[in-house]
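Taking it in order: structure first as structure tokens, then the write-up.
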């Protein structure tokens, strides 16, 4: 797979137990953030996933609406217009998957060694990119996000999916959780969901523990 744009980069963590990783987890941050915002999940998970390398990509486009420096977006998300989100995802997924392919190739790994973890807009990207890959990755964890259904877009693979969402989310409404799970299930994906009581648009300790356990189980199934 080739793409005219530069491949994505971001902060990374090497495996605790060895030099060459057996697994690769790629983090995809939310709108107006950057890879440094999620690489901390890797630090929290390293002792559980000791043979795993973690990489937190920076999205490819600066986010002009954010007041912070080093703020990026996967696509314009000034509103939740379905057509704009479809267009933005369709334009960015090829670059994301080309970057994933490059990182896997450099480490002599394949999709069954790969997991995608997204937060908010990053969950939109993780789900769309994962389902577009020719071979299923080990799993996808999506925090506080949405599955953007793109009619007419073929589903190439169906990895196992865990969706976690706070029921007090003021940014991405909790109503998107059952809608996303239902649509993914209708496509044939195996989907688990968890609602974090009283949680806003963030990740709590329960979500951290569930994500790590899901990834460990997913990788064990593919070894």
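As a size descriptor, the averaged projected area of the C-alpha convex hull of region 12-222 was calculated at 10.7 nm².
Given contacts defined as C-alpha pairs under 8 Å and at least six residues apart, what's the relative contact order of the chain, whole-number percent? Could the numbers behind the result be given before it?
Numbers: 476 pairs, mean separation 38.8, N = 223.
It rounds to 17 percent for the chain.
Cβ-Cβ distance of residue 79 and residue 135, R₀ of 45 Å, FRET efficiency by 1/(1 + (r/R0)^6): the value works out to about 0.85.
Among 19, 123, 61, 92, the order by Cβ neighbours within 10 angstrom, fewest to most, reads 19, 61, 92, 123.
Straightening the chain between residue 156 and residue 90 buys 22.3 nm, computed as 0.36 nm per residue apart minus the Cα-Cα spacing. Straightening the chain between residue 66 and residue 17 buys 13.8 nm, computed as 0.36 nm per residue apart minus the Cα-Cα spacing.
What number, rounded to the nearest 500 deg cm²/dmol, is the helix-based mean residue ellipticity at 222 nm of the chain, given -39500 (n - 2.57) per DSSP H run of at least four residues and division by all its residues? The partial results should precede the final answer.
On the way: 5 runs with 74 residues, N = 223.
One gets -11000 deg cm²/dmol as the mean residue ellipticity at 222 nm.
Kindly put 125, 85 in sequence by how many other C-beta atoms sit within 10 Å of each C-beta, fewest to most. Kindly include the intermediate steps, with their values, before the conclusion.
Numbers: 125 27, 85 21.
The most exposed by this proxy come first: 85, 125.
Within 10 Å of each residue's Cβ, count the other Cβ atoms and sort 158, 77, 116, 184 from fewest upward.
Numbers: 158 15, 77 19, 116 27, 184 23.
With the sparsest Cβ surroundings first, the list reads 158, 77, 184, 116.
Derived from the Cα gyration tensor, the three semi-axes of the equivalent ellipsoid of region 1-102 are 27, 16, 11 Å, largest first.
Over the residues of region 23-70, compute the C-alpha Rg and express it relative to 2.2 N^0.38 Å.
The value comes to 1.29.
Each label point was placed 7 Å from the Cα along the Cα-to-Cβ direction; for residue 47 and residue 200 their separation is 2.9 nm.
Every number here is computed from the coordinates shown, using simple stated rules; none is lab data. Because the structure is predicted, anything quoted here is derived from the model rather than measured. Cβ: placed from backbone, ideal geometry, glycine included. Neighbour counts: every protein chain shown.
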